[in-house]
1. Go through region 61-98 and give me each residue that's free of Cβ contacts under 8 Å to residues at least 12 places away in the same chain, in contact with a Leu (Cβ under 8 Å, 6 or more places away or on another chain) and not aliphatic (A, V, I, L, M).
2. Consider region 76-98. How many of its residues are assigned to a loop (DSSP other than H, G, I, E, B) and surrounded by 11 or more Cβ atoms within 10 Å (Cβ to Cβ)?
Amino acid sequence: MTATTLGDLFPDLRNATCGQEKKCKSGNKITRQGTAERLKALYPEIESWHPVFATQAWFRWLSENNMELVEPDGRDERFPEYLVGLIKEKMVEMGSWR
């Protein structure tokens, strides 16, 4: 049994090239820190968390406390306490809390 490659099936594509080269825009780079990076800098205890999860926890905490939905600018000790309560609540719900 012999192996057939795409080059064998389509020999005219062996010499195919792109029509025009596109130049990359240098303005597409993000120059600011995202919400998750700010949270992880302020709260090193959540450094290993997925960025989306950390951001969702932050905005959920803000909305549950009727606070303005803004990015963090300083450490608030109520946020880690909220996270501990949230984790405990989930563990009790799952039957893992002792």
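1. Ser63, Glu68
2. Counting residues in region 76-98 that are assigned to a loop (DSSP other than H, G, I, E, B) and surrounded by 11 or more Cβ atoms within 10 Å (Cβ to Cβ) gives 2.
A short reminder: the numbers here are calculations on the coordinates, not readings from a lab. None of the values given here were measured: they were computed from a predicted structure. No Cβ is skipped: glycine too gets one built from the backbone with ideal geometry, and neighbour counts run over all protein chains shown.
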